[in-house]
Structures are given as C-alpha cells and as structure tokens.
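To start, the structure itself, in structure tokens.
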Amino acid sequence: MASVSLTLSLKEEMIHNYRKQVQTAYESKYDVGAAIDTICATLQNGGGGQFTELCNAAIRYTELADKFHEDLTNMTLPLNSPSQGRYSQTTHETATQIFLRSSSWYHHGSNPPPQCQSDLMPIRMQEQIVFVVNDKRPMKDNLELIADWTPGYTNKWEETKVEASDNHVDGDLCYVHDFATPILLPIKTAGQMKSHDAAEDYAPVVKLGLMVSESSLVNALKQIPETDKKIREAVDKYSDFLLQFNTLKQYLDGYPEGRSLVPQWAMEKMASPAKKPQPKTNKQVEAKDLMPEDLRDEMNNVILENKLLGDS
C-alpha cells in the first residue's frame, strides 16, 4: 500500500465533496433544495427544445473531447525531442489542449471551471443564481427577470445616499444561492449581496436577477441565509478536523466513514504497491544539481527572452 500525503489540493477536493453532501442535507431539511429544483426545472423547460438539444450536444461534445484529449495524451511521440523548456514542448497533450481549449476558454473568460465541470465544456455551467423575492408582488412577476435592482444604500466613501432603483418595491429581498453542483440554465444572473462601497451590511446590487413572488417559493428561499450559515459551520469543523492528519491512511484510520469523500484517484493511488526504497549512496551533490530542472528551464527562457528584447 502506497503512502498518499494529504496535500492542500487533496484536502480541498475532500472539503468540496463534504460541502456538497452537507449542502444537500441542509437544503433538503429546510425545503430550499425543493424550491431551487422547481425553479430550475421551470427555467429549463422554458428554454424549449432548442435549449435541451443544445445541452445534449454540449455534453456529448465534452465526452468526446475529454476522450480525445486522454487518448492523445497517452500516445508516445518517437520523434519528440527532449523538452527544452515549457515554451518548446511538442507533445500531443499540449497540441490537443491548444486545439480544444481555444474555443471553450474564449467563452468562459479567465475564471476556471467548477470542479465538477470539464474545462472543455463549450457551455458555461451556472454556479449560482440571484433572486429578488417578494410575495406581495403579483403572480405575473413570478420567475420574470429583473435588472439593475437595488434597495439603496449609503456610500461609505462619499457619505452620500444611493437611492433605491425604480423597480424596487417595499418588501423586496435579495438572496444569492450557490449550487452544490453547477447546472445548465438558459439564463445567467449576476449580482452581489453587498456593494463594495456600501456602509451597510445588507446592500445588495442585482445586475440581472430572477423575481420570485409565489408564496411557497418565497418562504423556502428565505431560509437560504440560515442554511448557508449551518453549511459554513459544518465545513469549517471538517476543515479543522483534517488538519490533524498528514496522510490519507491516517485520515481513514481515524474516520473510516469518510472514504466517500476521498476522490477516486487518491484511493487508487493508496491501493497501489508501495515503491521500494532505493539504497542510499554517498553521491557528491554538485551546485548545479540543487536547482530543479523545471525552474532552471523557466529561468533560462526568461533570461533569453529578456536578452532578445534588449537586442531588438
């Protein structure tokens, strides 16, 4: 059995998996999950057959692209020369990444995709949705889009009052819901619970949100702050719990039930045979060997680029 260190990245994956489970449990308890499912299903159905067809095509494309990338990455290149630095690598993996990711990253922007989404997915999955809720509004407003909304706030820098938007109605409240698992929706909302220049703790600004006026949905969505608080507390406790372990085996010995939170690749790595320790030699360490090869390559490239810029 190989020893697997609980690295920061591995812990983050485990915390992410725990957050999903905790969020699902609390949202089910407070009926938030059922309300969100109803709203999202309505939006997806409202997108019509073209939206469904587009989603199916995107999912199929992603499956093919991931497989294509994996197959070419595993191929060997008999004519490939040793790498002379990261700018001169000529591998199938690098070529495939450039070929496939050029379009997807163009649409995604600079933000990395969610952990559950392939970075080759041509449609950006939604990680959150912004609501403006008020059961005093007419039912015709339910699940309609609302733009450039704010209840008003005090500018903490200029000490001036930012007036409420014209579409604000007494009783309006804003909530932002983060999906445990990002989903495909025909709309993308945008907003934040507090403007960066607001003096008040509650000073939401909604560029584009979803209006909810149906009373049962409103009552469920009003539980979002409470569920978010409980989720944060649970995740913080689990994060602190992980600090006492250095290896995956220690973690599983102390918490066998936590196996479901460990990513598959880590379990497979731990199950693989341990490498036999190499006999130690008294080899003389030269100064040139103290610098990692990848760092040497990167620094050489930087120096070369600077020299070429200086000569031009």
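The values are calculated or read from the model by the stated rules, or taken from the named source; none is laboratory data. Please read all numbers here as calculations on a predicted model, not as lab measurements. When we count neighbours, we look across all protein chains shown, and the Cβ atoms used for this are built from the backbone with ideal geometry, even at glycine.
Out of all the residues in segment 30-46, which are in contact (Cβ under 8 Å) with a residue 12 or more places away in the chain and either under 19 Å from Ala180 (Cα atoms) or buried (at least 17 other Cβ atoms within 10 Å of the Cβ) (or both)?
Across segment 30-46, the qualifying residues are Tyr30, Asp31, Val32, Ala34, Ala35, Ile36, Thr38, Ile39, Cys40, Thr42, Leu43, Gln44.
Would you confirm, using the coordinates I've provided, whether Arg137 is surrounded by 15 or more Cβ atoms within 10 Å (Cβ to Cβ), within 29 Å of Arg19 (Cβ to Cβ) and among the basic types (Lys, Arg)? Show your work before the answer.
Values: surrounded by 15 or more Cβ atoms within 10 Å (Cβ to Cβ): yes; within 29 Å of Arg19 (Cβ to Cβ): no; among the basic types (Lys, Arg): yes.
Here the answer is no, as Arg137 does not meet what is asked.
Looking at this structure, is Ser9 touching a helix residue (DSSP H, G or I) at 6+ places or on another chain (Cβ under 9 Å) and of a type in the set (Ser, Thr, Tyr)?
Working: touching a helix residue (DSSP H, G or I) at 6+ places or on another chain (Cβ under 9 Å): no; of a type in the set (Ser, Thr, Tyr): yes.
In short, no.
What are the residues in segment 228-251 that are among the hydroxyl-bearing types (Ser, Thr, Tyr) and not in a helix (DSSP H, G or I), if any?
Thr247
Could you run through segment 182-227 and say how many residues are without any contact (Cβ under 8 Å) to a residue 24 or more places away in the chain and among the acidic types (Asp, Glu)?
Residues flagged as without any contact (Cβ under 8 Å) to a residue 24 or more places away in the chain and among the acidic types (Asp, Glu) within segment 182-227 amount to 1.
From the list Glu159, Glu163, which residue is touching a Gly at 6+ places or on another chain (Cβ under 7 Å) and either at pLDDT below 90 or surrounded by fewer than 17 Cβ atoms within 10 Å (Cβ to Cβ) (or both)?
Numbers: Glu159 fails: touching a Gly at 6+ places or on another chain (Cβ under 7 Å).
None of the others qualify; the one that does is Glu163.
State yes or no: is Tyr26 among the hydroxyl-bearing types (Ser, Thr, Tyr) and more than 19 Å from the chain's Cα centre (by Cα)? Outline the logic, then answer.
Numbers: among the hydroxyl-bearing types (Ser, Thr, Tyr): yes; more than 19 Å from the chain's Cα centre (by Cα): yes.
When the stated conditions are applied, Tyr26 passes them.
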